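Working notes, structure below.
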Amino acid sequence: MARGSILVVDDSSAVRENLSELLQAEGYDVDSCADGREALQILQDHIYDVVLTDLSMPEIDGMAVLTYLVQHFPETSCIIITGYGTIKTAVDAMRLGAFDYLCKPVETQEILLVIARALEHQRLWRENIRLKKQLREKFGFDNIIGTSEPMLKVFDLIRKVADTDSTVLITGESGTGKELVARAIHYHGQRQANPLIPVNCAAIPEDLLESELFGHEKGAFTHAIRTRIGRFEQAHGGTIFLDEIGDMSPNLQVKILRVLQDRQFERIGGNRTIKVDIRVIAATNQDLQQLVQAGKFREDLYYRLNVIPIELPPLRERRSDIPMLVTHFLQEFSRKKKKNVQRLTPAAMRCLCDYHWPGNVRELENLLERLVILADGEVVDLKDLPDHLQHRQAETLWWQAEIPAGGLPLQKLLSDLERQLIIKALDQAGWIKNQAAQLLQLNRTTLVEKIKKQKITRFSQGETMGKIQGKP
Ligand SMILES: Nc1ncnc2c1ncn2[C@@H]1O[C@H](COP(=O)(O)OP(=O)(O)OP(=O)(O)O)[C@@H](O)[C@H]1O
Ligand SMILES: [Mg+2]
């Protein structure tokens, strides 16, 4: 296989022939032509890795060839060869997008080196495109699982805002997918080829955050031994993702507000104003409005950020997404851990659907990772679930219960629940009090007292409603 394809464009036949011979001997595929017009014609049907072109040629010159390549084949590297052209023209060519320039007479080693560099540059360029594509796929919607009504609304919003430059404020409990949504917005918008720079406002110590965000000049403070580019500058052309924004100090809130308003700032210790073209996405699991009322978050900053709010519902409010998420994570972790866990039994799945998931999708994801690692076969059963989940079924029923507008008699309900659970346990233990006490994690004396207090006898058996264990 050839090491790469090269087109040589030069009106001097001696140069053309010498170069072609040299490059072919080095294992490259080489075509050549005598002027810019012919080159443009060849480029209609052929793609080259490298075009080596003379600068001054009759009619269409090397600059025109370069311009065409930059516009139509940005992945092709154009190397300019200049005979009597001044450095100034070569510099112009570099500015236009030439990969490099060489002065005639061209030295063999030099040209081989420049071509090798150009090909390496292309390899990295392609690699970069491939990785960006992967990123896009990873953070595309395919990766955000959900078909529940609230999630469909979220997808719709992502689609609508991705192509705009509007500031987005994503709110939701911890683990609901705020970062995933921020990435989806960036990688579906016009800025996808530019960086997405995340800043976790809660994780960086307050005294470092300012330098982290705005950068500093060399000597700005004792340890500033060199100039540092801050996150806002790194995000130029792309998106800055301000995560955990509710945890930002009042002092920094003022400074952020200025960047959001004017898109400009100064590095610490610097007096040059730096302008940036950035999109801002912020996220928090705190109630910013409440923080504003408590005087902990600036109202003006809140309104700057809250241009397009996206609220991610907690998992317990979109339980219909749970089976799909479970399948997604089972497949993902089975692949990653080289296991073959196919499914959950209906009872285990029901248990997961009933649980209230205080840690939301992250908690579910972590649990499935653990289940896949520990699984012995293809199916996960109820008994494989952690104790706190199995035992929470009764609680879950209460968690889901709505409090009626007229209120409810808590003490009586708790006492009824206690009575029914004791009868259930006694029943299950064949009325052996020691065993029933164990089932309820009580000592025997306490159980006996409760039985007396609740006036429970064997005739109470028919009272339980079969509901407590979570059966529908
Ligand atoms: N809808 C979803 N589909 C698939 N995976 C999801 C979904 N939502 C969240 N996840 C996964 O759950 C984990 C937590 O998501 P993410 O980090 O985006 O949450 P967060 O809201 O930013 O949480 P925190 O407030 O704790 O930072 C990630 O591993 C993410 O991939
Ligand atoms: Mg997050």
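Some points to look at:
- The stretch 27-36, subset out of contact with any His (no Cβ under 9 Å at 6 or more places or on another chain), surrounded by 15 or more Cβ atoms within 10 Å (Cβ to Cβ) and without any contact (Cβ under 8 Å) to a residue 60 or more places away in the chain, residue farthest from residue 60 (Cα to Cα): 29
- Residues satisfying the stated conditions in the stretch 176-198, i.e. among the β-branched types (Val, Ile, Thr), away from ligand 2 (no atom under 13 Å from the Cβ) and not in a helix (DSSP H, G or I): 197
- Cβ-Cβ under 7 Å pairs, at least 6 apart or on other chains, the stretch 270-284 side without any contact (Cβ under 8 Å) to a residue 60 or more places away in the chain, far side among the β-branched types (Val, Ile, Thr): 278/239; 278/240
- Among (1) crowded, with 22+ Cβ neighbours inside 10 Å; (2) of a type outside the set (Ser, Thr, Tyr); (3) assigned to a strand (DSSP E or B) - the single one residue 65 does not satisfy: (3)
- For the stretch 165-200, the set of residues classified as in contact (Cβ under 8 Å) with a residue 60 or more places away in the chain, touching a strand residue (DSSP E or B) at 6+ places or on another chain (Cβ under 8 Å) and hydroxyl-bearing (Ser, Thr, Tyr) consists of 166, 167, 171, 176, listed by residue number.
- Wholly enclosed strands (runs of 3 or more DSSP E) of the stretch 241-301 bearing at least 3 residues within 16 Å of ligand 1 (Cβ to nearest atom): 279-284
- Meets criteria (at pLDDT below 90 and either surrounded by 15 or more Cβ atoms within 10 Å (Cβ to Cβ) or out of contact with any strand residue (DSSP E or B) (no Cβ under 6 Å at 6 or more places or on another chain) (or both)) for residue 344: yes
- Yes/no for residue 220 being within 16 Å of ligand 2 (Cβ to nearest atom) and assigned by TED's automatic domain parsing to the domain that holds residue 183: no
- Set 280, 292: member being β-branched (Val, Ile, Thr), surrounded by 15 or more Cβ atoms within 10 Å (Cβ to Cβ) and touching a Phe, Trp or Tyr at 6+ places or on another chain (Cβ under 6 Å): 292
- Test for residue 86: is it over 36 Å from the mean Cα position of the chain (by Cα), at pLDDT below 80 and more than 16 Å from ligand 1 (Cβ to nearest atom): yes
- Check on residue 253, closer than 22 Å to residue 298 by Cα, assigned by TED's automatic domain parsing to the domain that holds residue 306, away from ligand 2 (no atom under 15 Å from the Cβ) and not basic (Lys, Arg): yes
- Checking each residue in the stretch 330-351 for being over 12 Å from residue 379 (Cα atoms) and touching a Ser or Thr at 6+ places or on another chain (Cβ under 9 Å) picks out only 351.
- All positions within the stretch 355-386 that are over 23 Å from the mean Cα position of the chain (by Cα) and surrounded by fewer than 20 Cβ atoms within 10 Å (Cβ to Cβ): 356, 373, 374, 376, 377, 378, 379, 381, 382, 383, 384, 386
- With respect to the conditions (1) part of a helix (DSSP H, G or I); (2) more than 16 Å from ligand 2 (Cβ to nearest atom); (3) over 23 Å from residue 366 (Cα atoms), residue 151 lacks only one, and its number is (3).
- Hits in the stretch 295-323 (condition: within 16 Å of ligand 2 (Cβ to nearest atom), surrounded by 16 or more Cβ atoms within 10 Å (Cβ to Cβ) and either within 16 Å of residue 244 (Cα to Cα) or more than 26 Å from the chain's Cα centre (by Cα) (or both)): 305, 310, 312
- In the set 233, 210, only one residue is in a helix (DSSP H, G or I), touching a helix residue (DSSP H, G or I) at 6+ places or on another chain (Cβ under 7 Å), under 27 Å from residue 288 (Cα atoms) and more than 16 Å from ligand 2 (Cβ to nearest atom); that residue is 210.
- Selection from the stretch 430-451 of residues that are more than 55 Å from the chain's Cα centre (by Cα), among the hydrophobic types (A, V, I, L, M, F, W, C) and assigned to a helix (DSSP H, G or I): 448, 451
The values are calculated or read from the model by the stated rules, or taken from the named source; none is laboratory data. Predicted model, so just to flag it, every value in this text is computed and none were measured. FYI the Cβ positions are ideal-geometry reconstructions off the backbone, even for glycines, and counts take in every protein chain you see.
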